[in-house]
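Report on the structure given below.
Nothing in this text is a laboratory measurement; each read-out follows from the coordinates by a stated rule. Quick caveat, the model's predicted, so the values are computed rather than measured. Please note: Cβ atoms are built from the backbone with ideal geometry, for glycine as well, and neighbour counts cover all protein chains shown.
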Amino acid sequence: MWRYVPDILGEDSFARSRVHHVGFLKSVLSLRPSPLVDSGTFLRDTFAISASATRFGIAPVVKTLYVSPKAWAWSRSYGHQYDHVLAYWGNYSASCAYMFHRLMKRSVPFSMFLHAGMDLYEDPVYLRQKLLYADNIIVVCDFNRQFIQDRYADIYPSISGKIYKYHLGLDLSALKFKPNARTAKKVLAVGAFEKYKGFEYLLMAAAELTRRGIDYELELVGDGKETNALKALADKLAISQMVRFPGWLKPAEVHAAMEAASIFVHPSNGIGDAVPTVIKESMALGAPVIASNMAGIPELLDHGRCGVLVPPGNSQALAAAIADLLANDDLRRNYANAARKYAEREFDLWRNGERLARLLTSSRRDSSQKHDALKIERSPSITG
């Protein structure tokens with residue numbers, strides 16, 4: 001996967017020799033008694049997290065059992081050399097990191113990122129315990145902070161002080177702002193073809209544009225479970241000649257499509273996404289954005305000041321917003337300019353990265369966290 005790593009993380013700044021991977025087979029073969037690892041802690045944690053996973057079906061249980069041996073193997077080989085444990089996702093990554101951290105027997109900080117559908121909104125395996133155990137909880141938008149407050153209201157007062165918002169950054173020097181020289185009718189959408197992305201509403205909005213006699217071209221970049229259904233819907237709506245499905249594109253090709261688009265549309269109809277990266281990229285490149293007013297999207301568009309927000313699942317409102325922007329060059333330009341300025345202020349990779357680095361390097365382990373975690377494991381009120 002190294003070919004997907006950007007140039008700014010080349011060997012000079014991110015030495016590959018400092019990246020270590022423990023495969024599943026190696027981790028399973030390591031499951032034998034060792035004086036370096038507390039087998040009692042490992043077995044209790046594996047049972048507790050697996051029991052939590054049973055509430056969400058067989059897949060979460062299997063995934064939990066998949067990562068548990070990795071924590072054991074990692075602690076045998078690397079438990080002595082880290083000064084901070086950071087789980088980039090709050091799901092199975094954080095479960096593994098949690099187990100590894102407890103097996104380290106060293107008082108170093110434990111932090112975790114919480115992103116979106118796969119680790120916060122759906123199947124939150126053992127999340128209550130990990131929230132209490134963590135020294136830092138990093139969320140990617142205020143919506144996620146509020147989601148935690150609503151979902152875990154009983155423990156929120158004790159964890160609110162360690163929740164930090166971090167905007168995932170963009171290398172803005174590589175995303176040149178090009179608001180001009182765009183066709184006046186190209187509408188672009190990019191993403192996995194999943195139900196929660198709401199692409200069917202974009203197709204229905206396109207059909208409404210056709211009924212109004214508005215000239216447009218629609219390009220849907222991506223692939224997924226809904227591909228055939230979306231193509232069939234385009235046929236049914238008699239707009240196939242206006243819609244292009246190029247499939248997955250490389251990042252540079254996606255950016256080129258954004259540079260050519262008059263409008264970028266993200267018609268989410270579910271909270272699988274919190275803060276879609278493609279919206280931020282479009283803002284940086286100069287494609288004015290129309291997106292659903294849900295999850296963390298309003299924050300990305302500065303609550304409508306640098307993009308158009310529409311109700312999710314409303315194809316008529318979406319069609320009206322597209323028609324308005326296609327017909328108004330000045331409005332598109334104004335949104336594009338405002339969006340780029342907002343991206344420079346909020347999404348700069350280097351500035352945000354420095355803030356995150358300061359947080360992580362200044363963190364100290366709260367020794368009471370370990371005791372809290374042990375107590376809640378035995379609590380009959382566990383729900384996460």
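Taking Ala256, Ala234, Ala205 in turn, the Gaussian network model of the chain (Cα-Cα springs below 10 Å) assigns the largest fluctuation to Ala256.
May I ask for the net charge around Gln81, where only other residues with Cβ less than 14 Å from the Cβ of Gln81 are counted and Lys, Arg are +1 while Asp, Glu are -1?
+3
Contact order, relative form, for the chain: 16 percent (alpha carbon pairs under 8 Å, 6 or more residues apart, mean separation divided by residue count). For Lys341, which lysines qualify as cross-link partners when the Cα separation must be under 27 Å and same-chain residues fewer than eight apart are set aside? Output for Lys341: Lys165, Lys176, Lys178, Lys185, Lys186, Lys197, Lys250, Lys280.
Ranked by how many other Cβ atoms sit within 10 Å of their own Cβ, fewest first, the residues Lys70, Lys195, Lys176 fall in the order Lys176, Lys195, Lys70. For the chain, the longest principal axis of the alpha carbon atoms and the long axis of helix 39-53 meet at an angle near 30°. Averaging sequence separations of C-alpha pairs under 8 Å and six or more residues apart, then dividing by the length of the range 22-109, give the relative contact order as a whole percent. In percent, rounded to a whole number, it is 36. Separation of the range 320-340 from the range 113-146 is 35 Å, based on Cα centroids. First check a/c for the range 112-216, with a ≥ b ≥ c the square roots of the eigenvalues of its C-alpha gyration tensor; if it is under 1.5, answer rounded, and if not, answer prolate when a/b is larger than b/c or oblate otherwise. Taking the square roots of the gyration eigenvalues as a ≥ b ≥ c, the range 112-216 is prolate. Between the alpha-carbon centres of the range 1-24 and the range 167-234 there is a gap of 32 Å. On a 0 to 90° scale, report how tilted helix 92-104 is relative to the longest principal axis of the chain, with both axes built from alpha carbons and the result rounded to the nearest 10. For 92-104 against the chain, the angle is about 30 degrees. Considering only Pro288, Pro35, Pro157, the Gaussian network model of the chain with Cα springs below 10 Å gives its largest mean-square fluctuation to Pro35.
Counting Lys and Arg as +1 and Asp and Glu as -1 over every other residue whose Cβ lies under 10 Å from the Cβ of Arg106, the net charge comes to +1. Ignoring aspartates and glutamates fewer than eight residues from Lys231 along the same chain, the ones with Cα atoms less than 16 angstrom from its Cα are Glu194, Glu200, Glu217, Glu219, Asp223. Note on the chain: GNM, Cα springs under 10 Å; of Ser107, Ser34, Ser160, the largest mean-square fluctuation is that of Ser34. Could you work out how far helix 142-151 tilts from the main Cα principal axis of the chain, as a 0 to 90 degree angle to the nearest 10? Tilt of helix 142-151: around 50 degrees. Each of Phe100, Phe56 was scored by other Cβ atoms within 10 Å of its Cβ. Arranged with the fewest first, they read Phe56, Phe100. Only Cα sites of the chain enter the Debye sum here, all with the same form factor; the resulting log10 I(q)/I(0) across q = 0.08, 0.11 1/Å is -0.49, -0.86, listed in q order. Shape of the range 227-356 from the C-alpha gyration tensor: prolate (a/c of 1.5 or more and a/b above b/c, with a ≥ b ≥ c the square roots of its eigenvalues).
Taking other C-beta atoms within 10 Å as the exposure proxy, Arg340, Arg3 rank Arg3, Arg340 from fewest upward. Each Lys or Arg adds one and each Asp or Glu subtracts one; over the other residues with Cβ under 12 Å from the Cβ of Tyr164, this totals +3.
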